């Protein structure tokens, strides 16, 4: 068997060992990027190597899993994987996300301690070379508030299906006690709890740095079925949520190369124009943050729609002029 085929079989075995409910053949094919017939042959080959693989009836489909996991012999990380883990931890630390950085460094320690000494010695030279050859470019900007104790309380409430209580130093009534249903956490330039005081009113964003005396409530609370935090985040250009707008930007020829490499939004479409420029379309809220971002394009982006975005840009220009008088 060629090395590449062996590697693909091991990848499938890891997938089957990492899931509690199992994977269908279609899910395996999608994860591996192969066809149905190919994944059927791969499944059969994995079953020969790992006879403990189980079939789970889940009408109308059948799922497959390796319930006992894989022996450490098949799970040794590579130097590239460990370097990526350390890089992610360093990136979080540079951005001020100490809680998530610490979690990744703890994971790194667990992975290293689970490895056998000869494997660690083989990896050490390559890992050291990669760590010395890669660095994180720190960008200017606000450092997000990320207190481990606050995150721990919110995560505990989400796992337990409970409401979160806190005193909020923001909004129209600073200092008022709140009790909300937590939907999730958005990490960015500022970190937010996405939660609703009443589910009927829908979620809003609560800045973590303005939350005090945070505690898990005795009140049972769970987010609505079908709610997707990713879909909620994708509705906005940034963090701020307001009315969703159809945005159309015309990019000048001098900026088209940057535009083709830039993702304004997850649902954007890009149309090349005869003059060498491009037209970018997407639906999003958060026109204020989008206006701030467009200033960085130095006139290479023209707003064709919506009108509210043009007005927001003009208002921000007036405010900037007032600040330098």
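The values are calculated or read from the model by the stated rules, or taken from the named source; none is laboratory data. Just so we're clear, the structure is a prediction, and the values are computed from it rather than from any experiment. Positions of Cβ are backbone-derived with ideal geometry, glycine not excepted, and every protein chain shown enters the neighbour counts.
Mind listing whichever residues of region 249-268 are over 17 Å from residue 303 (Cα atoms) and touching a helix residue (DSSP H, G or I) at 6+ places or on another chain (Cβ under 8 Å)?
266, 267
Can you tell me which residue among 290, 313 is touching a helix residue (DSSP H, G or I) at 6+ places or on another chain (Cβ under 8 Å), in contact (Cβ under 8 Å) with a residue 40 or more places away in the chain, surrounded by 12 or more Cβ atoms within 10 Å (Cβ to Cβ) and not assigned by TED's automatic domain parsing to the domain that holds residue 205?
Working: 313 fails: in contact (Cβ under 8 Å) with a residue 40 or more places away in the chain.
The conditions single out 290.
Scanning region 217-238 for residues that are in a loop (DSSP other than H, G, I, E, B) and out of contact with any strand residue (DSSP E or B) (no Cβ under 8 Å at 6 or more places or on another chain), which turns out nearest to residue 292 (Cα to Cα)?
Here is the first cut: in region 217-238, the ones in a loop (DSSP other than H, G, I, E, B) are 221-228, 235, 237-238.
Narrowing the set further to residues that are out of contact with any strand residue (DSSP E or B) (no Cβ under 8 Å at 6 or more places or on another chain) leaves 224-226, 228, 238.
Details: 224: 33, 225: 35, 226: 32, 228: 27, 238: 10 Å.
Only one residue tops the list, namely 238.
I'm checking my understanding of the structure. Among residues of region 26-51 that are part of a loop (DSSP other than H, G, I, E, B) and surrounded by 12 or more Cβ atoms within 10 Å (Cβ to Cβ), which one is modelled with the highest pLDDT?
Taking region 26-51 first, the residues part of a loop (DSSP other than H, G, I, E, B) are 33-35, 50-51.
This time we only want the ones that are surrounded by 12 or more Cβ atoms within 10 Å (Cβ to Cβ), so: 34, 50.
Working: 34: 92, 50: 86.
Taking the candidates together, the pick is 34.
Quick test for you: out of 234, 243, pick the one residue that is under 28 Å from residue 201 (Cα atoms) and either surrounded by 14 or more Cβ atoms within 10 Å (Cβ to Cβ) or free of Cβ contacts under 8 Å to residues at least 24 places away in the same chain (or both).
On the way: 243 fails: either surrounded by 14 or more Cβ atoms within 10 Å (Cβ to Cβ) or free of Cβ contacts under 8 Å to residues at least 24 places away in the same chain (or both).
From the options 234, 243, the qualifying one is 234.
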